[in-house]
1. If you go through region A:45-64, how many residues are without any contact (Cβ under 8 Å) to a residue 12 or more places away in the chain and buried (at least 16 other Cβ atoms within 10 Å of the Cβ)?
2. Here is a check on your reading of the model: is B:THR50 within 14 Å of chain A (Cβ to nearest Cβ), hydroxyl-bearing (Ser, Thr, Tyr) and surrounded by fewer than 19 Cβ atoms within 10 Å (Cβ to Cβ)?
3. Within the bounds of region A:206-229, is there any residue that is in contact with a Lys or Arg (Cβ under 8 Å, 6 or more places away or on another chain) and open to solvent by 20 Å² or more (accessible area, probe 1.4 Å)?
4. Report, ordered by the first and then the second residue, all pairs with beta carbons closer than 7 Å, sequence separation of six or more or different chains, a first member in region B:238-259 that is outside any helix (DSSP H, G or I), and a second member that is buried (at least 24 other Cβ atoms within 10 Å of the Cβ) and acidic (Asp, Glu).
5. If I ask for residues that are open to solvent by 40 Å² or more (accessible area, probe 1.4 Å) and in a helix (DSSP H, G or I), which ones from region B:145-169 would you list?
6. Quick check: is even one residue across region B:40-56 part of a loop (DSSP other than H, G, I, E, B), under 14 Å from the mean Cα position of the chain (by Cα), under 20 Å from B:ARG311 (Cα atoms) and of a type in the set (Asp, Glu)?
7. Hey, can you tell me all the residues within region B:167-183 that are among the aliphatic types (A, V, I, L, M) and over 17 Å from the mean Cα position of the chain (by Cα)?
8. Could you look through region B:157-172, keep only residues that are more than 14 Å from every other protein chain (Cβ to nearest Cβ) and not aliphatic (A, V, I, L, M), and pick out the one that is nearest to B:MET85 (Cα to Cα)?
Amino acid sequence: MANLTAPKMITSMLSKISPRRGVEGLFIIVGLVIVLTFIFMAIFAPVLAPYDPNKTRVGGLYESPNSKFPMGTDRLGRDILSRIIWGSRTVLIVTFLSMALSSACGVTLGLISGYVGGKFDTALSLFMDSLYAFPGLILAIALAVMLGQGIMPVTVSLTVVYVPIYFRMIRGEVLSMKESLFVEAAKAIGAKGRTLIFKYIFPNVIPSIPIVLSLNAADAVLTLAALSFLGLGLPAHIPDWGFDLRMGYGALTAKIWWPGTFPGLMIVLLTLGFSLFGEGLAEILNPKLSGR
Amino acid sequence: MISDLLRIEGLRVYYYTRDGVVMAVDNVDLFMKKGETIGLVGESGSGKSTLGRAILRLVPPPGRIISGKIVFDGLNLTELSEEEMRKIRGKRISMVFQDPMTSLDPLMKIGDHIVETIMAHETLTREEAEEKAIKLLEQVGIRSERFMDYPHQFSGGMRQRVGIALALALNPDLVIADEPTSSLDVIVQFQILDLMKELKNLYGMGMILITHDISIIPGIADKVALMYAGQLVEFADAKSFFNEPLHPYGKALLESIPNIQHSDQKLKYIPGNPPDLINPPKGCRFSPRCPYATEKCREEEPPTIMVGHHRLVKCFQY
């Protein structure tokens, strides 16, 4: 693995993704198709959505799925399909943003902490471990309560939840990488600390990031849905699956199944997409797992 | 004495392990002139690599330089700050590592290794550094079109050539070669040694060649420093050492080189094991294995004696 160069890695990955690879290859393809479909939906939401997602009474209240409203309407007469399409945009923005932020912070801190070592490393590791000790959802709820509603506050609370994961993984790799001969050799030629971290060590830890990234994305979708379900996530004017699930769930007892089922299904699908992609990637990139 | 390139005085490097203090380098004195090659010979665990690393102040933890001076061109390296030391590494003292398979970054192109080395010390543009790197690679026998290749695309011998190019990149005054040929097969070994000899003559730098293989010393080293159990037991010019080693350990070592012209001879070896460096034997450390050892050897540590012209030996016999 460590001997593969970046371009080679991609070509060898692509060659492995062919259906001949069996289950893992299928995992990746199915996961990728699901995720890409949602991304497509999110990007082209204004074109795809038949109605304004926030406009009430575009149809009757609680209209069951029909040709005009394929997924029916909710208690305010809003088109559920349009809300789902716009909702995908919300979910993906929050997920990708928090993934980008948490991996950037976690990886950088992990690199520095692992390399510097000593008291700084001990202190930072203790802090990260104490964050990690909380169940992700509980921590996210606490932070969301503190930070309030809105895209940014939710993104930040998800970010904080995931930073320790990257930190711990990267720090561990740096610790073992630090002992390797090529790092020592780089020291012996007088490379500066910064050069050592970012030019010698960093490229060697990159391969372990994508798997965690996609598995975290799946978790982030669920956590965001949970936050919105509890009413801690986003303000009412932003269409969001978790919030819609909550609203639809109330109607279930009246045998009105569509307002809750469709957003819930979307949450499951997107989570499945990210998980399949991540698992498939892990199987292919980690030789210890393949052949299991 | 001022003209010495490197002068080591009373150097002690200890490893603080859980089992006790390992005295890997114990009171070693060594000096070398500019442009000289010293063959630092000893068996595994005799402290030769630790000594080499101590010169660059790269002793891995839990090892520490306890006492002694390492004076390089008038600078006491043990007193420099980490940043001052970094400026010396690679630029004035560089190192060739034993295992070329792992001493290169697997994700860094061969050319970038050399460019990074140059740019760590000199303010050149990338183009200038690349030009210099290509010249260096050609000097060690690697064609310029391989500049963009990764280490895994090279054989062991080729990688060691890269390692040498790296060590020479900034024209240092001293190169420490830590078993540069030990992981290579015999033919490649001699190619690499020839290359090193050739480049040494070209650049005129001093070299400390660390090896456990005493047979590669004669062609390349001016002097031999023989280490045993963390101590320097003999220091002599290569010619007189191979003609007549003074220390009993040196004698035994030379006798144990197999000789194909006397194939009927039984292979000689040194009985016993190298001593434990946590609890070294009392007196002379070689005394338990020495055929000439007397009661005095087992009780007192022998002094380092000057024999003839600039020849040092740590033995009571002289």
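The values are calculated or read from the model by the stated rules, or taken from the named source; none is laboratory data. Keep in mind it's a predicted model, so treat the numbers as computed, not measured. Note that each Cβ is placed from the backbone with ideal geometry, even for glycine, and that neighbours are counted across all protein chains shown. Quick note on the areas: whole protein, heavy atoms, side chains included, nothing else; ligands and nucleic acids left out. Shrake-Rupley method; radii C 1.70, N 1.55, O 1.52, S 1.80 Å.
1. The initial filter retains those residues of region A:45-64 that are without any contact (Cβ under 8 Å) to a residue 12 or more places away in the chain, namely A:46-47.
Add one more test, that the residue is buried (at least 16 other Cβ atoms within 10 Å of the Cβ), and what stays is none.
Of the residues in region A:45-64, 0 are without any contact (Cβ under 8 Å) to a residue 12 or more places away in the chain and buried (at least 16 other Cβ atoms within 10 Å of the Cβ).
2. Values: within 14 Å of chain A (Cβ to nearest Cβ): yes; hydroxyl-bearing (Ser, Thr, Tyr): yes; surrounded by fewer than 19 Cβ atoms within 10 Å (Cβ to Cβ): no.
Spelling it out, it is not the case that B:THR50 is within 14 Å of chain A (Cβ to nearest Cβ), hydroxyl-bearing (Ser, Thr, Tyr) and surrounded by fewer than 19 Cβ atoms within 10 Å (Cβ to Cβ).
3. Initially, region A:206-229 is screened for residues in contact with a Lys or Arg (Cβ under 8 Å, 6 or more places away or on another chain), giving A:228-229.
When the remaining residues are screened for being open to solvent by 20 Å² or more (accessible area, probe 1.4 Å), the result is A:229.
Taking every residue of region A:206-229 in turn, at least one turns out to be in contact with a Lys or Arg (Cβ under 8 Å, 6 or more places away or on another chain) and open to solvent by 20 Å² or more (accessible area, probe 1.4 Å).
4. Close Cβ pairs (under 7 Å, with a partner that is buried (at least 24 other Cβ atoms within 10 Å of the Cβ) and acidic (Asp, Glu)) amount to B:PRO245/B:GLU234; B:LEU246/B:GLU234; B:HIS247/B:GLU234.
5. The answer is B:GLU145, B:ARG146, B:HIS152, B:GLN153, B:MET158, B:ARG161.
6. There is no residue in region B:40-56 that is part of a loop (DSSP other than H, G, I, E, B), under 14 Å from the mean Cα position of the chain (by Cα), under 20 Å from B:ARG311 (Cα atoms) and of a type in the set (Asp, Glu).
7. So in region B:167-183, the residues among the aliphatic types (A, V, I, L, M) come out as B:167-170, B:174-177.
Passing the criteria: B:ALA169, B:LEU170.
8. Pass one, region B:157-172, residues more than 14 Å from every other protein chain (Cβ to nearest Cβ): B:157-158, B:161.
Checking which are not aliphatic (A, V, I, L, M) leaves us with B:157, B:161.
On the way: B:GLY157: 30, B:ARG161: 25 Å.
Per the criteria, the residue is B:ARG161.
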